[in-house]
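S.K.: What follows is a single structure, and I will ask about it in a moment.
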């Protein structure tokens, strides 16, 4: 009498059906987890840059700017690109190493397709030596919007006092909101 070792076709098909069911249930949850993690990481990193900029202004007793800079060193409103924190001694929102201005920190560009904006048209955020924002009208919200996931938008609100606050989720529909109660959006 010969004995066969292995699985029957029925056992393999049942195992395959169970595996495909688990994958079909788990993949959307995994995708949501990955997007949430990416958004949280970006918000944390931007918040850390704001703290670095403010603390650098306080400790160096000079103006410090956070912005995306172009190849000429000027601040732009392309917030989705690399962000730089630098000492801005003459408060002109241009990184000028020949004036002994220094890069303090930087953050790489965000994921392609995602959006990051600061206000509508602002090109930079400058802290004065007191830790407050330098100049009227710089307070605004950093809005981070992941592509195709508007329910996961997050933001950081920057007050004129220089303090920053992460957006909170709305208890009714779990969307993140500003302190005014409006949803975080990107245009």
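The values are calculated or read from the model by the stated rules, or taken from the named source; none is laboratory data. For clarity, every value in this text was computed on a predicted model and none was experimentally measured. Cβ sites come from the backbone with ideal geometry, for glycine too, and all protein chains shown count toward neighbours.
S.K.: One residue is enough: does the range 16-28 have a residue meeting the conditions within 23 Å of residue 176 (Cα to Cα), surrounded by fewer than 15 Cβ atoms within 10 Å (Cβ to Cβ), in contact (Cβ under 8 Å) with a residue 60 or more places away in the chain and out of contact with any strand residue (DSSP E or B) (no Cβ under 8 Å at 6 or more places or on another chain)? Can you show your working first?
M.R.: To start, the set of residues in the range 16-28 that are within 23 Å of residue 176 (Cα to Cα) comprises 28.
Then keep just the ones that are surrounded by fewer than 15 Cβ atoms within 10 Å (Cβ to Cβ); that gives 28.
Narrowing the set further to residues that are in contact (Cβ under 8 Å) with a residue 60 or more places away in the chain leaves none.
No, the range 16-28 contains no residue that is within 23 Å of residue 176 (Cα to Cα), surrounded by fewer than 15 Cβ atoms within 10 Å (Cβ to Cβ), in contact (Cβ under 8 Å) with a residue 60 or more places away in the chain and out of contact with any strand residue (DSSP E or B) (no Cβ under 8 Å at 6 or more places or on another chain).
S.K.: Does the range 101-118 contain any residue that is modelled with pLDDT under 90 and either assigned to a loop (DSSP other than H, G, I, E, B) or on the phi > 0 side of the Ramachandran plot (or both)?
M.R.: Looking through the range 101-118, none of the residues is modelled with pLDDT under 90 and either assigned to a loop (DSSP other than H, G, I, E, B) or on the phi > 0 side of the Ramachandran plot (or both).
S.K.: Identify all residues within the range 132-149 that are under 15 Å from residue 111 (Cα atoms) and not in a loop (DSSP other than H, G, I, E, B); write none if there are none.
M.R.: 143, 144, 145
S.K.: For residue 148, only one of the following conditions fails: (1) surrounded by 14 or more Cβ atoms within 10 Å (Cβ to Cβ); (2) at pLDDT below 90; (3) on the phi > 0 side of the Ramachandran plot. What is its number?
M.R.: Only one criterion in (1) surrounded by 14 or more Cβ atoms within 10 Å (Cβ to Cβ); (2) at pLDDT below 90; (3) on the phi > 0 side of the Ramachandran plot is unmet by residue 148, namely (1).
S.K.: Now for a different question. If you scan the range 77-99, which residues turn out to be touching a strand residue (DSSP E or B) at 6+ places or on another chain (Cβ under 8 Å) and over 14 Å from residue 45 (Cα atoms)? Spell out the reasoning first.
M.R.: Within the range 77-99, the subset touching a strand residue (DSSP E or B) at 6+ places or on another chain (Cβ under 8 Å) is 77, 79-80, 82-88, 91, 93-95.
Selection gives 77, 86, 87, 88, 91, 93, 94, 95.
S.K.: Sticking with this structure for a sec: Output yes when any residue across the range 62-82 is closer than 14 Å to residue 127 by Cα, assigned to a helix (DSSP H, G or I) and modelled with pLDDT under 95, and no when none is.
M.R.: No; the residues of the range 62-82 include none that is closer than 14 Å to residue 127 by Cα, assigned to a helix (DSSP H, G or I) and modelled with pLDDT under 95.
For (1) in contact (Cβ under 8 Å) with a residue 24 or more places away in the chain; (2) under 17 Å from the mean Cα position of the chain (by Cα), each residue gets a yes or a no:
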residue	(1), (2)
31	no, no
34	no, yes
38	yes, yes
41	no, yes
47	yes, yes
52	yes, yes
59	no, no
66	yes, yes
72	no, no
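S.K.: With (1) touching a strand residue (DSSP E or B) at 6+ places or on another chain (Cβ under 8 Å); (2) under 18 Å from residue 44 (Cβ atoms); (3) in contact (Cβ under 8 Å) with a residue 60 or more places away in the chain; (4) in a loop (DSSP other than H, G, I, E, B) as the list, and residue 162 as the residue in question, which single condition is left unmet?
M.R.: Checking residue 162 against (1) touching a strand residue (DSSP E or B) at 6+ places or on another chain (Cβ under 8 Å); (2) under 18 Å from residue 44 (Cβ atoms); (3) in contact (Cβ under 8 Å) with a residue 60 or more places away in the chain; (4) in a loop (DSSP other than H, G, I, E, B), the one that fails is (2).
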